[in-house]
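Remarks on the structure that follows.
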Amino acid sequence: MLEVPTVPSPSVTPQPPAEAVAPLMRGLDVLRSLTAAESGDGTLALADLARTTGLARSTVDRICATLAHLGFVRLDGRDASLAPPLMTVANACLDALRVPGVLGPLADELADELDESVSLAVPDGDGIRFVHQVLRRRALSISFRVGDALPGGGCAPGLVFRDGLSLAVDDQLVERGLVAVAVPVRGPDGSVVCAVSVVSHTSRHAAGELAGAVRGPLETCVRKMEAELNQAPLLDESQRGSGQSPATEDEAPATIQSLARGLRVLTAFDGAHPTLTLTEIAEATGLARATARRALITYEHLGYVTHEDRAFRLTPRVLTLGCAPLSRTTLPRIAAPHLAALSKRLGESVGLSVPDGNRVRCTARVTPRRVMSVDIGVGSRLPAKDTAAGLLLRGDGESAVADGPEAGLRSVAVPVRDRAGRVVSALDVTAHQGRGDDDAWTEALRDTAALIAADLHVTSRFVSVPVH
Ligand code: PHB
């Protein structure tokens, strides 16, 4: 994987103000460390987390227990990993920024037209942060993720912001072979809202020639984007809170309340409420004004929130809280812990499948260890007509039952739907006949499909999540 240079932070960190909430600061530190984990997948051993944050192991354990209770982190033996519901925090930021939601579809069109990667970036401190990515030419995958940052002088969008250029070229600044052209997109008041980049490879375009080759479509795209920003379509209220609401912090005695409460402040913002006053934040979160105020002081100190007069707003730095690793996931990865829990609950083999011609292909499977067990591996392709998953994916029912794929086997399947309600995968249990009750299985499958879908929906709000 490409090494991602980070935006340099000031070498001297100023002392936090007296009113800053220390447990909230520590919790954010843990989330940032998981986000920056070398593996790139948001997982660290608890011991490593103690090392990277400089916190005592007992403190790390307590913070992780609180974050796990909120659904933001998953604890698995000695490891902690970022969990999809944390994406509600990044979504609040992406929604409030409005750039990815309003301009993302136009960036997608440009990528289609040019058959090149296209990204949208906003200024963040001295650097830039990506808020939308459309990847093309996967063989050469340059993989900045939504939420990743680059230094201002080291990439095309950074030069657009730093030097006020109307067109900037990155001739292999970031990586050998990588060339990019970026142009500014201006809001109705003339200020630069974001930069659109077209990213290619020297095998396709030399840097000097890329600008000429893409200029026409890029300029047309920017005009459309600026027109879109001019119309300023604020999202309507019906779109509010389409993420999951995390568990309330008061349920578990061991939770660090000030951390749980402080995190609620971030998700008060959205596309319809990109700025909020203290009173509005207290109202939206149900927090006491004094609690909300101290959380805001903490966030401002850390650069996650700014204010102008009485209007507070999130900064793109909020995307350092989980966005990049969580945005690069797949449906089988999202489903894995839910499949494990279901397999344990039923004591049987459970899995996900997608259509593949007149077959179904298994994309994830968890099979309990026992003497006689179902042997369907990830990647195996079975005739659609012989499996419940296949029947389900061919029709549009709410459940399907089949005897097969071999004599003596029985399977039951239910759909997993995307945000638009389309069936994207089938969740099944497959076992030897006579071992389970179809109705009980169907109910358990539905419970699990709902959990998988909820995680998929929150993750895929601003990024696309492959179903296999
Ligand atoms: C990108 O990956 O989107 C990218 C990389 C380097 C640039 C601009 C964009 O200079």
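The values are calculated or read from the model by the stated rules, or taken from the named source; none is laboratory data. Keep in mind that this is a model prediction, so the values were computed, not measured. Virtual Cβ from ideal backbone geometry, glycine too; neighbours counted across all protein chains shown.
At least 2 residues being more than 17 Å from the chain's Cα centre (by Cα), at pLDDT below 95 and surrounded by 14 or more Cβ atoms within 10 Å (Cβ to Cβ) is the threshold, and among the helices (runs of 4 or more DSSP H) wholly inside segment 1-102 not one reaches it. For Asp270, the conditions (1) under 30 Å from Arg446 (Cβ atoms); (2) over 22 Å from the mean Cα position of the chain (by Cα); (3) acidic (Asp, Glu) all hold with the exception of (2).
Does Val458 qualify as being part of a helix (DSSP H, G or I), surrounded by fewer than 24 Cβ atoms within 10 Å (Cβ to Cβ) and touching a residue at least 40 places away in the same chain (Cβ under 8 Å)? Answer is yes for this residue. Please go through segment 384-425 and pick out each residue that is more than 21 Å from Glu443 (Cβ to Cβ) and assigned to a strand (DSSP E or B). Selection gives Val424 alone. Taking segment 346-395 as the range and being among the hydroxyl-bearing types (Ser, Thr, Tyr) and without any contact (Cβ under 8 Å) to a residue 24 or more places away in the chain as the test, only Ser380 passes.
In this entry, Gly187 passes the filter for residues that are touching a residue at least 12 places away in the same chain (Cβ under 8 Å) and surrounded by fewer than 22 Cβ atoms within 10 Å (Cβ to Cβ).
Being at positive phi, at pLDDT below 95 and surrounded by fewer than 21 Cβ atoms within 10 Å (Cβ to Cβ) is a description that does not apply to Gly421. Which one of these does Leu110 not meet: (1) away from the ligand (no atom under 16 Å from the Cβ); (2) within 28 Å of Asp270 (Cβ to Cβ)? Every condition holds for Leu110 apart from (1).
Candidates in segment 113-127 are the residues that are more than 10 Å from the ligand (Cβ to nearest atom) and outside any loop (DSSP other than H, G, I, E, B); of these, the one that is surrounded by the fewest Cβ atoms within 10 Å (Cβ to Cβ) is Glu113. Of all residues in segment 164-178, those that are touching a residue at least 12 places away in the same chain (Cβ under 8 Å) and on the phi > 0 side of the Ramachandran plot have Cβ atoms under 7 Å from Cβ atoms of residues that are more than 9 Å from the ligand (Cβ to nearest atom) and in a strand (DSSP E or B), 6 or more apart or on another chain, in Gly177/His201.
Whether a residue is within 26 Å of Glu406 (Cβ to Cβ) and touching a residue at least 60 places away in the same chain (Cβ under 8 Å) was assessed, and Arg446 does not pass this test.
Would you please list the contacts, defined by Cβ atoms under 9 Å and residues six or more apart or on different chains, that run from a residue in segment 195-224 that is closer than 15 Å to Ala182 by Cβ and touching a residue at least 60 places away in the same chain (Cβ under 8 Å) to a residue that is in a helix (DSSP H, G or I) and not hydrophobic (A, V, I, L, M, F, W, C)? So the pair list comes out as Ala195/Pro157; Ala195/Gly158; Val196/Pro157; Ser197/Pro157; Val198/Pro217; Pro217/Glu113; Cys221/Glu109; Cys221/Glu113.
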